[in-house]
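Enquirer: Here's a structure for you.
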Amino acid sequence: MKYDFAAIEKKWQARWAETKPYAAVTGERDKPKFYGLIEFPYPSGQGLHVGHPRPFTAMDIITRKKRMQGYNVLFPIGFDAFGLPTENYAIKNHVHPAAVTKHNIENFTSQLKMLGYGFDWDRVTDTTDPSYYKWTQWIFLQLYKHGLAYKATMPVNWCTSCKCVLANEEVVEGVCERCGSPVIRKEKSQWMLAITKYAERLLDDLEDVDYIERVKIQQRNWIGRSTGAEVTFRATNGDGIVIYTTRADTMFGATYMVLSPEHELVKKWLPELANAEEVEAYQRAAAAKSDLERTDLAKDKTGVRLDGVRAVNPVTGKEIPIFISDYVLSTYGTGAIMAVPGHDQRDWDFAKKFGLPIIEVVSGGDVEKEAFVAKDDTAIMTNSGFLNGKSVKEAIPAMIEYLEKEGIGSAKVNYKLRDWVFSRQRYWGEPIPMVLCPDCGWVCVPEEQLPLLLPMVESYEPTDDGESPISKMTDWVNTTCPKCGKSAKRETDTMPQWAGSSWYFLRYMDPHNDAAPVSKEAEEYWGPVDWYNGGMEHTTLHLLYSRFWHKFLYDIGVVHTKEPYAKRTSHGMILGEGGEKMSKSRGNVVNPNDIVEQYGADTMRLHIMFIGDFEKAVSWSNEAVKGSKRFLDRCWNLMDMVSDEEGISEKNAATVHRTIRKVTSDIDELKMNTAIAALMTMVNEFYANGLSRGDLKALLLLLSPFAPHMTEEMWELMGFAKETGKMAMQNPWPEFDESKTVASTVEMAVQIQGKLRGTINVPTDSDESAVIAAAKENERVAKALEGMQIVKTILVKNKLVNLIVKPAS
RNA sequence: GCCGGUGUGGUGGAAUGGUAGACACAGGGGACUUAAAAUCCCCCGGCAGCAAUGCUGUACCGGUUCGAGUCCGGUCACCGGCACCA
């Protein structure tokens, strides 16, 4: 009988839809729970591409194995469906984004079902469903009520093409992460979320979670904690200028100061400056620069000296000039620095350009050539009064202690992380449930009025003045103040795409709850997510944002754990043939549908796992898929050669037990490629030795997470389903017997001086004398030993023996 | 510049400090077949050799070790992240 994958896959998918073997049971106490999560897809119009099945199949395999190991498994799926591509498609084709979304979700759903994933389809969550975004809005209101959401006018990243504000995390190398258009700075009033208040916890709690190291490192870098000191410099007009420095030790070398162009003291001082016009011109020029231009011009320092105000270095007592320059950022530290050109390269560059004095206060370099920035023990303070002779490491705390005693400074921790710009001037997102009343200011939409539905509009086009399309819907915008009843206006901006995805994993636990985002009972049972796999590109966006929301929900008692995800792993990208990124323009996009049609879902699943190291990028090869199909064919054909023998056969025992051990541990370690290789080896052995019914049974159970359709069909055809009364996937995961993994004889390597000279077959666990005796009988070894005497032997049991020899005397 | 990662056959990739190249793809040979496909079996890093076998080989240079793809020091190349963060 031929392996008719199309019919088999259709049959089993229908049976699973009917019997729901993947349903998770909230509150099941007889089994341990396991919550496996994958990042829910954005339902794009192109449908699933080969990038999706990689993480999905891996977690499907993990959760299938967990079920067989007796866990109550939650493996859910949903759709992160708000977002720009859908909106843009809707604009172009004059259809409502909701209709586009519905259509795309249907398409995705059928594709996911086609691949045979064991999702609990009764828990599907869609971020654009009002019954879902009701709770996204509710969480926003809680954030607002706890002072973590606020409206602020500030320079924000503005995408010139999307006509929309972007979060810092969405700007990559000065251009929009989505569309690649230049990003400029624009003063706008925006909703902000105070993620910086959680910076320390987001950093510290990384210690308690099992994330792969590069994710932790990337989050740490993004949060960017630095320790230093804040110091007040006195200006000649009496004002205090607060600066932040990590190098308090170098204060004796501070020969000038720099404020960011946007610094408030500059505005205050303008009237008393002799060159106010020049200063204002510089400020205007800096504001007009895009992020890209700011970084492009990094090499060439610009700035203007403030003519009329100077500062006093508090440790030297000397008067020093003050500049404004855009190399000092308004958004980090205090927006003002003391410049130490001898020991900071940026200050050095600026000082050289403006002819400012450079003083060496740390010896060891040549400050005439470049800034000397070393901080190790060999760097010794000089020209620095009471610090002279100390190392930099000693000098920093000594100076901070001095500053604190004098009352002019104190230790300070700073973070690179900025607050999260939370409003978007687009249609297809969650409306922000706030009302602006001329008398009461910002007022929350009452919780009982949620969800605040998106209004139907005629056009979704963003406006050139940077207002949301909803702003034109006067019926919707004009409302009454929930507090005082007077006429008021609704917020017309919507939430960013990251809002809905910041808590969706909680909704899966209790997807139909209308009284709370998630019930206490369900959250306490399922939380936290045991294993979350997703892309590296979400490390500083989604992953950080959702940790922040979760910590907030913890603080207000919605969830019982500080961290949402106990474990986080990450998959590499699937590249096109030749290692290039898949893209429509290159024409190298692989559609999973085509693979499934040609080879079947089981082959697709198996191959995407076999293709290479899960964590690394791999290139897709249409040719290589055949190998995975061939393997499944070989498995199928085993049915023709299986003997009547029940139980694991004697001749295959070592192979079978070893394979069970290998596959079991490899799945847990996400080494699917070597797990499959081990299964292939086992099948090759079966072809060489023949196999029993028990051998085949073990193979089917081990293979069932990878190729669930074919294994169920074979399980049934072989009569195993009748015997056990269960589908293969409902049987216990096979156990291995360590004692049976070893064969009676082993092949050992014989080395002489560390070089391989031959191999010998000896009984397992042979001792040194037996091994050496056997080695001497080996022709090649004997030849190499001629005229030599053995002076030392190193024996690695059952592996190798290394003979150290010297010429016989 | 800073922080990560990677470098192994024609290709994708395996190797708790212990027989480098498992397992596959491609390629070559054979069996079956009227033939092809499919299937089954064998070979497949390089150099030399009919072969047995020998030498050599994991980006490069050096070190530690009985033994190094693996550990240490240095160099080069590529990939990812951050980037005027004081």
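Enquirer: If a residue must be over 26 Å from A:His96 (Cα atoms) and of a type in the set (Gly, Ala, Ser), how many such residues does region A:430-485 contain? Talk me through it step by step, then tell me what you get.
Expert: Pass one, region A:430-485, residues over 26 Å from A:His96 (Cα atoms): A:436-444, A:446-448, A:480-485.
Adding the requirement that they be of a type in the set (Gly, Ala, Ser) leaves A:441, A:485.
Going through region A:430-485 one residue at a time, the tally reaches 2.
Enquirer: Working only within region A:76-118, note down all residues that are under 30 Å from A:Ala707 (Cα atoms), small (Gly, Ala, Ser) and crowded, with 16+ Cβ neighbours inside 10 Å.
Expert: Passing the criteria: A:Gly78, A:Ala81, A:Gly116, A:Gly118.
Enquirer: I would also like to ask the following. Counting just the residues of region A:732-770 that are more than 13 Å from RNA strand B (Cβ to nearest atom) and more than 15 Å from A:Ala654 (Cβ to Cβ), which one comes out nearest to the chain's Cα centre (by Cα)?
Expert: Here is the first cut: in region A:732-770, the ones more than 13 Å from RNA strand B (Cβ to nearest atom) are A:732-742, A:744, A:763, A:765-770.
Within this subset, residues satisfying the condition of being more than 15 Å from A:Ala654 (Cβ to Cβ) are A:732-733, A:735, A:766-770.
On the way: A:Pro732: 33, A:Trp733: 31, A:Glu735: 34, A:Ser766: 50, A:Asp767: 51, A:Glu768: 51, A:Ser769: 55, A:Ala770: 54 Å.
My answer is A:Trp733.
Enquirer: Return the residue satisfying two criteria in turn: it lies in region A:602-649 and is among the polar types (S, T, N, Q) and outside any helix (DSSP H, G or I), and of such residues it is nearest to A:Ile667 (Cα to Cα).
Expert: Initial filter on region A:602-649 (among the polar types (S, T, N, Q)): A:603, A:619, A:621-622, A:628, A:637, A:643, A:649.
Filter once more, keeping what is outside any helix (DSSP H, G or I): A:619, A:621-622, A:643, A:649.
Working: A:Ser619: 22, A:Ser621: 23, A:Asn622: 25, A:Ser643: 29, A:Ser649: 25 Å.
Per the criteria, the residue is A:Ser619.
Enquirer: Moving on to the next point. So, A:Ser628, is that one near RNA strand B (Cβ under 8 Å from one of its atoms) and either surrounded by 15 or more Cβ atoms within 10 Å (Cβ to Cβ) or free of Cβ contacts under 8 Å to residues at least 40 places away in the same chain (or both) or not?
Expert: Details: near RNA strand B (Cβ under 8 Å from one of its atoms): yes; either surrounded by 15 or more Cβ atoms within 10 Å (Cβ to Cβ) or free of Cβ contacts under 8 Å to residues at least 40 places away in the same chain (or both): yes.
When the stated conditions are applied, A:Ser628 passes them.
Enquirer: Could you tell me how many of the residues in region A:69-100 are among the polar types (S, T, N, Q) and farther than 21 Å from A:Lys20 by Cα? Show your work before the answer.
Expert: Keep residues of region A:69-100 that are among the polar types (S, T, N, Q), which gives A:69, A:72, A:86, A:88, A:93.
Now restrict to residues that are farther than 21 Å from A:Lys20 by Cα: A:86, A:88, A:93.
Number satisfying all stated conditions: 3.
Enquirer: Let me ask something else about it. Given the residues A:Lys375, A:Lys369, which is the only one that is closer than 26 Å to A:Gly303 by Cα and not in a strand (DSSP E or B)? Quick ask: steps written out before the conclusion?
Expert: Details: A:Lys375 fails: closer than 26 Å to A:Gly303 by Cα.
Among A:Lys375, A:Lys369, only A:Lys369 is closer than 26 Å to A:Gly303 by Cα and not in a strand (DSSP E or B).
Enquirer: Of A:Lys102, A:Lys10, A:Lys92, which residue is at pLDDT 95 or above, over 23 Å from A:Leu506 (Cα atoms) and not in a loop (DSSP other than H, G, I, E, B)? I'd like the intermediate steps shown before the answer.
Expert: On the way: A:Lys102 fails: over 23 Å from A:Leu506 (Cα atoms); A:Lys92 fails: at pLDDT 95 or above.
Testing whether each residue is at pLDDT 95 or above, over 23 Å from A:Leu506 (Cα atoms) and not in a loop (DSSP other than H, G, I, E, B) leaves just A:Lys10.
Enquirer: Could you please find all residues in region A:655-674 being within 14 Å of RNA strand B (Cβ to nearest atom), within 24 Å of A:Ser739 (Cβ to Cβ), touching a residue at least 40 places away in the same chain (Cβ under 8 Å) and of a type in the set (A, V, I, L, M, F, W, C)?
Expert: If the condition is that a residue be within 14 Å of RNA strand B (Cβ to nearest atom), within 24 Å of A:Ser739 (Cβ to Cβ), touching a residue at least 40 places away in the same chain (Cβ under 8 Å) and of a type in the set (A, V, I, L, M, F, W, C), then A:Ile667 is the only one that fits.
Enquirer: Additional query: So, in region A:776-788, how many residues would count as being outside any helix (DSSP H, G or I) and surrounded by 11 or more Cβ atoms within 10 Å (Cβ to Cβ)? First the steps, then the outcome.
Expert: Step one: list which residues in region A:776-788 are outside any helix (DSSP H, G or I), which gives A:778, A:786-788.
Retained after the next criterion (residues that are surrounded by 11 or more Cβ atoms within 10 Å (Cβ to Cβ)): A:778, A:788.
Final tally of qualifying residues: 2.
Enquirer: Something else about it: What is the residue count in region A:316-330 for residues that are in contact with a Ser or Thr (Cβ under 8 Å, 6 or more places away or on another chain) and either surrounded by fewer than 18 Cβ atoms within 10 Å (Cβ to Cβ) or within 26 Å of A:Tyr402 (Cβ to Cβ) (or both)?
Expert: 4
Enquirer: Right, next: Out of region A:441-450, which residues are touching a Lys or Arg at 6+ places or on another chain (Cβ under 6 Å) and modelled with pLDDT of 95 or more?
Expert: Step one: filter region A:441-450 for residues touching a Lys or Arg at 6+ places or on another chain (Cβ under 6 Å), giving A:443, A:450.
A:Val443 - this is the single residue of region A:441-450 that is touching a Lys or Arg at 6+ places or on another chain (Cβ under 6 Å) and modelled with pLDDT of 95 or more.
Enquirer: Another question about this same structure. Note down all Cβ pairs under 7 Å where the first residue falls in region A:330-358 and is β-branched (Val, Ile, Thr), the second is in a helix (DSSP H, G or I), and they're at least six residues apart or on different chains.
Expert: A:Val340/A:Thr250; A:Val340/A:Gly253; A:Val340/A:Asp347; A:Ile358/A:Trp348; A:Ile358/A:Ala351
Enquirer: Now, a different point. Do we find that A:Val589 is within 13 Å of RNA strand B (Cβ to nearest atom) and within 24 Å of A:Gly535 (Cα to Cα) in this structure?
Expert: Considered against the rule, which asks whether it is within 13 Å of RNA strand B (Cβ to nearest atom) and within 24 Å of A:Gly535 (Cα to Cα), A:Val589 comes out as no.
Enquirer: Applying the selection to region A:475-504, what residues are within 17 Å of A:Cys437 (Cβ to Cβ) and of a type outside the set (D, E, K, R)?
Expert: Matches in region A:475-504: A:Trp476, A:Val477, A:Asn478, A:Thr479, A:Thr480, A:Cys481, A:Pro482, A:Cys484, A:Gly485, A:Ser487, A:Ala488, A:Thr492.
Enquirer: Ok, one more. Just one of (1) outside any loop (DSSP other than H, G, I, E, B); (2) at pLDDT 95 or above; (3) over 23 Å from the mean Cα position of the chain (by Cα) trips up A:Asn533, so point out which.
Expert: Of the numbered conditions (1) outside any loop (DSSP other than H, G, I, E, B); (2) at pLDDT 95 or above; (3) over 23 Å from the mean Cα position of the chain (by Cα), the odd one out for A:Asn533 is (3).
Enquirer: Follow-up question, since we're still on this one. Are there any strands (runs of 3 or more DSSP E) wholly within region A:157-261 with 3 or more residues that are more than 10 Å from RNA strand B (Cβ to nearest atom) and touching a Ser or Thr at 6+ places or on another chain (Cβ under 8 Å), and if so which? Full working, then the answer.
Expert: Working: elements: A:164-166, A:183-193, A:226-235, A:240-245, A:256-259.
Strands (runs of 3 or more DSSP E) meeting the threshold: A:183-193, A:240-245.
Enquirer: With the condition kept exactly as written, say whether any residue in region A:694-702 is among the basic types (Lys, Arg), within 13 Å of RNA strand B (Cβ to nearest atom), in contact (Cβ under 8 Å) with a residue 12 or more places away in the chain and surrounded by 14 or more Cβ atoms within 10 Å (Cβ to Cβ). Spell out the reasoning first.
Expert: Within region A:694-702, the subset among the basic types (Lys, Arg) is A:697.
From the residues that got through so far, the ones that are within 13 Å of RNA strand B (Cβ to nearest atom) too are none.
Within region A:694-702 (the criterion being among the basic types (Lys, Arg), within 13 Å of RNA strand B (Cβ to nearest atom), in contact (Cβ under 8 Å) with a residue 12 or more places away in the chain and surrounded by 14 or more Cβ atoms within 10 Å (Cβ to Cβ)), the answer is no, since none of the residues qualifies.
Yes or no, residue by residue, for (1) within 21 Å of A:Thr57 (Cβ to Cβ); (2) out of contact with any Gly (no Cβ under 8 Å at 6 or more places or on another chain); (3) within 16 Å of RNA strand B (Cβ to nearest atom); (4) of a type in the set (D, E, K, R):
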position	(1), (2), (3), (4)
A:Trp549	no, yes, no, no
A:Tyr554	no, yes, no, no
A:Gly557	no, yes, no, no
A:Thr561	no, no, no, no
A:Tyr565	yes, yes, no, no
A:Arg568	yes, no, yes, yes
A:His571	yes, no, yes, no
A:Leu575	yes, yes, yes, no
A:Met582	yes, no, yes, no
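Enquirer: Pull up region A:627-682, narrow it to residues that are hydroxyl-bearing (Ser, Thr, Tyr) and within 18 Å of A:Pro708 (Cβ to Cβ), then point me to the one that is farthest from the chain's Cα centre (by Cα).
Expert: Only one residue fits best here, namely A:Ser628.
Enquirer: Is it the case that region A:738-749 has a residue that's free of Cβ contacts under 8 Å to residues at least 40 places away in the same chain, touching a strand residue (DSSP E or B) at 6+ places or on another chain (Cβ under 6 Å), at negative phi and part of a helix (DSSP H, G or I)? First the steps, then the outcome.
Expert: Step one: of region A:738-749, the residues free of Cβ contacts under 8 Å to residues at least 40 places away in the same chain are A:739, A:744-745, A:747.
Going one step further and asking which of them are touching a strand residue (DSSP E or B) at 6+ places or on another chain (Cβ under 6 Å), we end up with A:745, A:747.
Now drop any that are not at negative phi, which leaves A:745, A:747.
From what's left, part of a helix (DSSP H, G or I): none.
No, there is no match, as no residue in region A:738-749 is free of Cβ contacts under 8 Å to residues at least 40 places away in the same chain, touching a strand residue (DSSP E or B) at 6+ places or on another chain (Cβ under 6 Å), at negative phi and part of a helix (DSSP H, G or I).
Enquirer: Assess whether A:Met729 counts as being away from RNA strand B (no atom under 13 Å from the Cβ), out of contact with any Asp or Glu (no Cβ under 8 Å at 6 or more places or on another chain) and within 30 Å of A:Arg67 (Cβ to Cβ).
Expert: Details: away from RNA strand B (no atom under 13 Å from the Cβ): yes; out of contact with any Asp or Glu (no Cβ under 8 Å at 6 or more places or on another chain): no; within 30 Å of A:Arg67 (Cβ to Cβ): yes.
Taking the combined requirement at face value, the residue does not satisfy it.
Enquirer: Let me ask another. Does any residue of region A:349-364 turn out to be within 14 Å of A:Met257 (Cα to Cα), within 8 Å of RNA strand B (Cβ to nearest atom) and in a loop (DSSP other than H, G, I, E, B)?
Expert: No - not one qualifying residue is present in region A:349-364.
Enquirer: Here's a follow-up. Among the residues of region A:543-578, count how many are at pLDDT 95 or above, not in a strand (DSSP E or B) and not charged (D, E, K, R).
Expert: 18
The values are calculated or read from the model by the stated rules, or taken from the named source; none is laboratory data. Just so it is clear, the structure is predicted and the values come from calculations on it, not from any experiment. We place every Cβ from the backbone using ideal geometry, glycine too, and count neighbours over all the protein chains shown.
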